[in-house]
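What follows is one structure encoded as structure tokens, with my remarks underneath.
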């Protein structure tokens, strides 16, 4: 199934807008801001998990089994991120004891974000990082690794994902 | 050529953004405040009455022009200022007020819409559509863009 460059272009924008709207949709129906944010976070993460699983299966269809956990994480950093955002993760750090820190210095979905008060942007952006966390967790779990993924947003558009293997 | 101010109206006829650079009125004290548009919080809802008047003028002129000819209304000139109007197909209307000697700004308005508004408002996940625009990135980008126009003073 060949995709022309133009087909891809349309899909990208539609996908970005769809995700933006999904996040606000997930926040409806709750009374307090904190409840909203937690609920939206949890739901988006579940969604991301399911999507990540499917994507990883498609992406690794013709590849041999991965040798160890580091290979799996490198796959996420390179091929998986390339598939999703047309770029790779910019920085990977590990403590060799099962904790990996992935840094994306210009995360695509954060690149246009800006809040009314510039300082609040990282906080508001956190809900939007739930979906990519789920994506990573889903991809890892479909490759046979159980993990937990947490995101940190120091300043948009930079985003850091911390993977802990269980 | 100086750019005096810009209004952005949404589909519901509300003014969602307003900034002044050099006020057309010769009001000295007002001029000092307006040299720093990015810092002034009240710019956004600056003057609701003026905004309504501007919208009324633009609305009437547009209807009149469409009844008189096939082309739409794009700008008018008076002795003291020139008003440029751009309506995007999707809804928001941009109104730019400059000095009378300004050239045709239709392209400028179009690129303000495409490069500043769409990028920083439409694609911004943290902004609800049709609400007043207050985010910093939009404001600074617009400010930089207008100041970089040729002959801006």
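A compact table of results
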item	result
Degrees separating the helix A:33-59 axis from the principal Cα axis of chain A, which is the longest one	30
Degrees between helix A:5-26 axis and first principal axis of chain A (Cα, 0 to 90, nearest 10)	50
FRET efficiency for residue B:1 and residue A:86, using Cβ-Cβ distance with R0 set to 41 Å, rounded to 0.05	0.50
Cα gyration tensor category, rounded, prolate or oblate, for the range A:5-165 with a/c compared to 1.5	prolate
FRET efficiency, 1/(1 + (r/R0)^6) with R0 35 Å, evaluated for residue A:123 and residue A:70 via beta carbons	0.60
Mean separation of Cα contacts under 8 Å, 6 or more apart, over the residue count of chain A: relative contact order %	27
Descending semi-axes in whole angstrom, ellipsoid equivalent of the range B:71-153, from the Cα gyration tensor	24, 16, 10
Using alpha-carbon coordinates, inclination of helix A:130-142 to the longest axis of chain A, degrees	20
Calculated over the range A:37-105: convex hull of Cα atoms, volume per residue (Å³)	114
Largest to smallest principal axis extent of the C-alpha atoms in the protein assembly as shown, angstrom	77, 45, 41
Centroid-to-centroid separation of the range A:95-157 and the range B:93-113 [C-alpha atoms, Å]	40
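Readers should treat all values here as calculations from the given coordinates under stated rules, not as data from a laboratory. All values derive from a computational prediction rather than experimental measurement. Cβ: placed from backbone, ideal geometry, glycine included. Neighbour counts: every protein chain shown.
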